[in-house]
Amino acid sequence: MSVLLIDEPLPGVRRLTLNRPEKRNALNNEVRTAIFKALEAHDTDPAVRLTIVRGAGPAFCSGYDLGADNRQGQPYHTAGGLGQWSRHVVDGWFRIWDLAKPVIAQVHGYCLAGGTELATACDLVYVADDAQIGYPPVRLMSPPDMQFHPWLMGMRQAMESMLTGDALSGREAAARGWATRSFPLPDLEREVLAVAERVAKLPTELAQINKRSVHRAMEIMGLRAAIRSGTDLQALAFQTEPSKAYMGRFRRDGQSVASLLSERDATFGDYRERNGDD
């Protein structure tokens, strides 16, 4: 079964569907490789004007696949040494950021940790009202490798997110600036396609300059440098005793990832513990 489905719902619009619903579309290197390969192909295909990224099943993306060995088979080279993984994934998100053609994220259900980074790297983000968007690894592992929170949501909301790991609903995420807009779940796909149809009316040559003008302004204010500096902080966090003890148990005592994530969230009573999800 392919981990990434590709279709064309409208002329000039390609759509990528993450297709690991049984894993809530967790990002392993096979999925990441497929995403980058497809996006880069779209960027050079004159028949494509923009790409939509969405997830199959009950969630957009639950984050990185902690049950996989993500050190093996990485989709592109990143210099080694301490913090290689943190630098590596941020390199990837900036590969999406730097594409010429626009990318739209269509988010429903859980959008957690690395899933929020994937969506953030896209140019437009439309979410279901009841989506759950959060970065729970701050509770026992580390801050994000891609520290987008203060840039998109402001200092106070970023601080609350970093000190609790709590989720925002889709409505809250749109109100705080992380998402472009939110819609009731039954309307989400229709509304995303309506926006995509409008974006596709622009000549590609002009759309890419328009996109770059927004990114250039953010970069002049320091976004790219700030996000890259966050990779060092994540690498440092991974060296703390609580983080090493927690991460080491994924390999040492054979507990399932689901059990360890439940342990992380049990005292907070949210994510899988709120609904009894497995």
Mind checking which helices (runs of 4 or more DSSP H) fall wholly inside the range 175-278 and carry at least 1 residues that are in contact (Cβ under 8 Å) with a residue 24 or more places away in the chain and acidic (D, E)?
185-199, 223-237, 257-266
Please work out if N25 is modelled with pLDDT of 95 or more, in a loop (DSSP other than H, G, I, E, B), crowded, with 17+ Cβ neighbours inside 10 Å and not small (G, A, S).
yes
Quick check on V31: is it farther than 17 Å from I104 by Cβ, buried (at least 19 other Cβ atoms within 10 Å of the Cβ), of a type outside the set (F, W, Y) and in contact with a Lys or Arg (Cβ under 9 Å, 6 or more places away or on another chain)?
yes
The listed residue being farther than 24 Å from V53 by Cα and among the acidic types (D, E), out of E189, E241:
E241
Residues in the range 121-144 that are in a strand (DSSP E or B) and among the hydrophobic types (A, V, I, L, M, F, W, C) total 5
Please verify whether the range 49-66 includes one or more residues that are out of contact with any strand residue (DSSP E or B) (no Cβ under 8 Å at 6 or more places or on another chain) and within 27 Å of Q234 (Cα to Cα).
yes
The residue that is modelled with the lowest pLDDT, considering only those in the range 193-242 that are β-branched (V, I, T) and more than 19 Å from I96 (Cα to Cα), is T240
Give the number of residues within the range 69-90 that are surrounded by fewer than 18 Cβ atoms within 10 Å (Cβ to Cβ) and in a helix (DSSP H, G or I).
1
Tell me, yes or no, whether the range 145-166 has at least one residue that is among the β-branched types (V, I, T), farther than 18 Å from S229 by Cα, at pLDDT 95 or above and outside any helix (DSSP H, G or I).
no
Of the residues in the range 1-22, those that are over 29 Å from L66 (Cα atoms) and either out of contact with any helix residue (DSSP H, G or I) (no Cβ under 8 Å at 6 or more places or on another chain) or assigned to a loop (DSSP other than H, G, I, E, B) (or both) come to E8, P11, G12
Looking at the range 158-169, I want the residues that are on the phi > 0 side of the Ramachandran plot and have a partner that is crowded, with 16+ Cβ neighbours inside 10 Å and among the hydrophobic types (A, V, I, L, M, F, W, C) with Cβ atoms under 6 Å, at least 6 apart or on another chain. Which pairs are those?
G165/V138
Is at least one residue of the range 43-64 more than 13 Å from the chain's Cα centre (by Cα), part of a helix (DSSP H, G or I), touching a residue at least 40 places away in the same chain (Cβ under 8 Å) and within 25 Å of R198 (Cα to Cα)?
yes
Expected output for the range 23-42 (first residue more than 23 Å from Y135 (Cα to Cα), partner at pLDDT 95 or above and assigned to a helix (DSSP H, G or I), Cβ below 9 Å, 6+ apart or cross-chain) is L39/R95; L39/I96; E40/R95
Residue by residue through the range 65-95, note down the ones that are without any contact (Cβ under 8 Å) to a residue 12 or more places away in the chain and either among the small types (G, A, S) or closer than 26 Å to A128 by Cα (or both).
A79, G80, G81
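The values are calculated or read from the model by the stated rules, or taken from the named source; none is laboratory data. All of these numbers come straight from a predicted model, not from anything done at the bench. Cβ atoms come from the backbone with ideal geometry, glycine included; neighbour counts cover every protein chain shown.
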